[in-house]
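The values are calculated or read from the model by the stated rules, or taken from the named source; none is laboratory data. Only a predicted model underlies this, so the values are computations on that prediction, with no experimental measurement involved. As a convention, Cβ positions derive from the backbone with ideal geometry for all residues, glycine included, and neighbour counts pool all protein chains shown.
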Amino acid sequence: MRAGGARLACRRTRPPLSQAESPQRSAAEHAVTVEDVRELMGASTPHFALQLRNRIAKLIAPLAADDPARLLGEQEIRRLTELAFDGETRGGGAQDGQRPLPSLSA
């Protein structure tokens with residue numbers, strides 16, 4: 001096998017880093033909590049919004065429809081989708097000549 005072949009084989013078995021998850025949170029016996037969702041939604045920017053949205057969706061998928069963590073996650077998924085496509089202005093609002101942080105539609 002070529003020197004690069006081992007690295008290529010390793011890449012095929014691991015998920016992309018942007019979709020990687022905490023081993024504790026992804027353990028089968030872990031009960032998903034509101035705090036788990038909050039940890040993922042912490043510092044979201046337009047650049048990472050869709051990656052965070054996908055991680056939250058995967059985390060809350062097995063939860064019941066009325067679970068507090070699922071409800072918060074669904075709310076956050078909507079916000080992150082909007083953030084990804086519309087961008088944002090940080091602080092007290094846009095000032096003359098200031099553009100929002102870029103989004104996917106920019």
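For segment 84-97, the count of residues that are more than 16 Å from residue 34 (Cβ to Cβ), β-branched (Val, Ile, Thr) and at pLDDT 90 or above is zero. Just one residue in the set 40, 50 is modelled with pLDDT of 90 or more and either exposed (fewer than 13 other Cβ atoms within 10 Å of the Cβ) or not charged (D, E, K, R) (or both); that residue is 50. Any idea which of 25, 79 is modelled with pLDDT under 95, surrounded by 10 or more Cβ atoms within 10 Å (Cβ to Cβ) and either among the aliphatic types (A, V, I, L, M) or more than 30 Å from residue 99 (Cβ to Cβ) (or both)? Selected residue: 25, the only one of 25, 79 that is modelled with pLDDT under 95, surrounded by 10 or more Cβ atoms within 10 Å (Cβ to Cβ) and either among the aliphatic types (A, V, I, L, M) or more than 30 Å from residue 99 (Cβ to Cβ) (or both).
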